[in-house]
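The structure appears below as C-alpha cells.
The values are calculated or read from the model by the stated rules, or taken from the named source; none is laboratory data. Source: prediction; values computed, not measured. Quick reminder, even Gly has a Cβ in these numbers, built from the backbone with ideal geometry, and neighbours come from all protein chains shown. All accessible areas refer to the heavy atoms of the entire protein, side chains included, with ligands and DNA or RNA removed. Shrake-Rupley method; radii C 1.70, N 1.55, O 1.52, S 1.80 Å.
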Amino acid sequence: MPFEFTPERRAHLDDLLTHYPTKRAATLPALHLAQAQNGYISQDVMEHVAELLDLSPAQVQDVVTFYPMFFQEPVGKHIIRVCKTLPCMLCDCKKVLDHLRESLEVEVEGTTADGNFTLLEVECLAACDQAPVMMVDEDLYGNLTPEKIDEILGGITGKAAPAKAERRHGRG
Amino acid sequence: MAEAKERRILYENLDVPGIHTLDVYRKHGGYASLEKVFAIPPDDHITLVKDSGLRGRGGAGFSTGMKWTLMNRQIEPRYLCCNADESEPGTFSNRYILQNKPHMLIEGIIACCWALGIHTAYVYCRGEFTLAKKRLDAAILEAYAAGILGESVAGSGFALDVYTHSGAGAYICGEETGLIESLEGKRGQPRNKPPFPAVQGLFMKPTCVQNVETLSNLPFIVNNGLDWYKGMGSVYTDVPRTAGDPVNTGTKLYCVSGHVEKPGVYEVELGITAQDLIDMASGVRGGNRVKAVIPGGSSAPVLTPYELDCPLDFTSLGLAKSMLGSGGIIVMDETVCTVSALLNLMEFYAHESCGQCTPCRSGTPWVRDITKRIEAGHAKPGDIEQLIDVANQIANVDTFTWNTICVFGIAVSWPAVSFARKFRPEFEAHILNGECTVLPLEEAITPPEQNYAYPRPQVTVVQQPKWH
Ligand code: SF4
Ligand code: FES
C-alpha cells in the first residue's frame, strides 16, 4: 500500500507549512514526520512528500541522501547511535562499541536478528562532557560502562511498546 | 596568579529545578530585559551591541554589532536564523542552554529582532537534540500564551514569531549558508559569498545568522549596560587591528572535554589561560601531564604544553596561530597517540565534507588516508610533507587563503598541519618504527623554537581578567 500520512501527522504538517513562505522549506520537517511513522524513507514516502510539497521526487531524494539521519532502508525497532569522535575516543568509546557488537551480535550499520536494534556509529553528539556517549532512539546516555549499557538495553527490550512495534522493519 | 573562578552569567541558575519553564525562569529574574529593550530605538540598540564588543560565539568571532550594521534594513521581510546546530566536536554548551534555559534564548532572540526589525525567527536545532528541542518548543508555546511572542511582544506592538526547525545530522549545516539552504528544504551545501546573508539570505531576503550563545548574551547587555559588560574580559592595547579586534569582552562558555578529571562547561571571563581552565576542571585525569590541547573545537590548531599560558580569547589565540572558535577545549594527556587523534579528526572531516569543491571533497579523504598510513606504520619518508602539502592545498594555513566555497577547508587543514608540525617527532617515529609509537612527552613535541607558531608576539593586556 502506498505511504500516506496519518490524519494527525497530516494535520501537523499542514500546521508546519504555515511557518514558511515556501512549501519546500517544510521538506526536512515532513521527512522527520514520515520517518517517525514509517521507520525509514521509502520510495513511496518520497513520492508522497514530493506531492504534498509540490516538488519532484528527485528533489526530495536529493535531500534524503544528504542527511545521515534519514534512513533509506528498513531499520530495527530501536536505533543505537554510538559517538566515535575525538573526545569520546579519548574516553574509550571503542569499548562501548565492542560491547554492543558482542552482546547484540551485530555489526555497525547492521540490525539484530530479532529486528530490535540497529547499531550505528555517529559523529560528535555534542555531549562530550559525558563521554563515552550513545543515543538510543531519542534518549541520550553518557558516562557509559558495559554494565550501564546492559541495564539501558534491558530496560528497553523489557518495555518494548506496541506502538513502536508497528514500525518494525527488521532486516533479520 | 590568583585562582581562577567561574563567572556565571548565562549559566547562572542553570541547575535550578524547572528553570526551563516560564514561571521559574521569571522568578529568577528572567525576561527583565523586556522592560528595557523596547525603550531603546533600533539604531541605538545596534550601537549598544557594537560598543559592547560582543563577538560571535559560534566560531568566527566577528563583531556582532558590526554584523548587524551590514544588514539591509530596507527590504522586507528580514529573517533571523538562530544557529542551534552545535556539531563542532568538543562543543556542547548550547545544548544546556536549550535544555535548561530556553527562555533565555527567546529573550535574546527578541532583543536581536527588535534591533533589526525582524518579525520571523527560526531556530535551527540539531536533529539529535531531542530533549533540547522539546524544551524549546514548550518554552515557545508558553511565551506565546503569555504574550511574550506573537502579535505584540510584551505589549510593545512589535510582532514576532519564533519557529524551530530540526536538522538531520549534517555538520555542514552549522555553516551559516549551509544552514540557510537546509532551512529552505535543500541539501545543506554552503553558498558562495558574496552575496552575504545580511544582503540576500534565507528565501533570498536579508538574514542574520547568530549562534545560541551570542544571542543569549543580549538580555544581559540590555539589562546591565555597557560598562558592566565591558568590565569583563580582556582588552589588548598594542595589537594591530589586522590581528582581529583586540577586544574580548564578556564571559565565554568553555566546554572542557577529554582527559580532565571534571569535564563540563565552565563560564569564565574571556582571557583565562588554558592551564587555568584545566586546573578549574580539576586537572588532568590520574595526575598525568598534558600532551595536547585543542582550544576551539576540533577545527582549531592544536596547542602543545609550551602554549598553556596562552589566554583563551580571540586575540591571543589568533596571535598564537590558533583560534577560540566555538570554545570547545579538548584536553589530551601524555598517553595519547597524536597521530591517532588526528586520524580520528580526519575521519570526521572526510565524512562531513559536503562535496561541492574538489579540493575539499578529494583532499580531505586524501589527508585522512595519509594519516591512516602513518598511524598504521605503512608510511614512507616524505609522507609527512605530503600530508602538510595536501592539507595546504585545501586551504593554506600559512597564507590563510583557500579556493573552496566555505571555511570547512581551513577547518580541515588547520588541525592536519598543526598536528603534523607540532608533533612531528611522533609522526616520524611511526614511520621509522613501522608501527604505532607513542613517544614520551618530552620527545613527542617539536621544540617551540622550531615550531611555526613561535615566537609568539608579546602583547600587553590592559584589563587583566579579574577573578571574583
Ligand atoms: S569547502 Fe568543503 S564543505 Fe565547504 S562547500 Fe566546499 S566541499 Fe562543501
Ligand atoms: S565526541 Fe562524543 S559527544 Fe562529542
Whether any residue in region B:311-323 is surrounded by fewer than 24 Cβ atoms within 10 Å (Cβ to Cβ) and without any contact (Cβ under 8 Å) to a residue 60 or more places away in the chain is what I want to check.
no
Residue satisfying all of: in region B:337-349; within 16 Å of ligand 2 (Cβ to nearest atom) and open to solvent by 10 Å² or more (accessible area, probe 1.4 Å); nearest to the other protein chains (Cβ to nearest Cβ) among these:
B:Asn344
Only one of these conditions is not met by B:Arg368: (1) within 14 Å of chain A (Cβ to nearest Cβ); (2) more than 16 Å from B:Phe419 (Cβ to Cβ); (3) under 26 Å from the mean Cα position of the chain (by Cα). Which number is it?
(2)
Every residue from region A:107-132 that is away from ligand 1 (no atom under 16 Å from the Cβ) and facing chain B (nearest Cβ under 9 Å):
A:Val122, A:Cys124, A:Leu125, A:Ala126, A:Ala127, A:Cys128, A:Asp129, A:Gln130, A:Ala131
Being part of a loop (DSSP other than H, G, I, E, B), away from chain B (no Cβ under 12 Å) and either open to solvent by 60 Å² or more (accessible area, probe 1.4 Å) or touching a residue at least 12 places away in the same chain (Cβ under 8 Å) (or both) is the filter here; which residues of region A:133-151 pass it?
A:Leu144
Which listed residue is facing chain B (nearest Cβ under 7 Å), in contact with a strand residue (DSSP E or B) (Cβ under 8 Å, 6 or more places away or on another chain) and in a helix (DSSP H, G or I), from A:His19, A:His32:
A:His32
If you scan region A:123-132, which residues turn out to be part of a loop (DSSP other than H, G, I, E, B) and within 17 Å of B:Val331 (Cα to Cα)?
A:Cys124, A:Ala126, A:Ala127, A:Ala131, A:Pro132
Is it true that B:Arg135 is open to solvent by 30 Å² or more (accessible area, probe 1.4 Å) and of a type in the set (D, E, K, R)?
yes
Quick test of your reading of the structure: B:Lys134 fulfils all but one of (1) within 10 Å of chain A (Cβ to nearest Cβ); (2) in contact (Cβ under 8 Å) with a residue 24 or more places away in the chain; (3) assigned to a helix (DSSP H, G or I). Name the failing condition by number.
(2)
Selection over region A:58-106 where residues are within 14 Å of chain B (Cβ to nearest Cβ), open to solvent by 50 Å² or more (accessible area, probe 1.4 Å) and not charged (D, E, K, R) yields a count of 7
Just checking: which of the strands (runs of 3 or more DSSP E) contained wholly in region B:165-271 hold 3 or more residues that are more than 13 Å from every other protein chain (Cβ to nearest Cβ) and touching a Leu at 6+ places or on another chain (Cβ under 9 Å)?
B:207-211
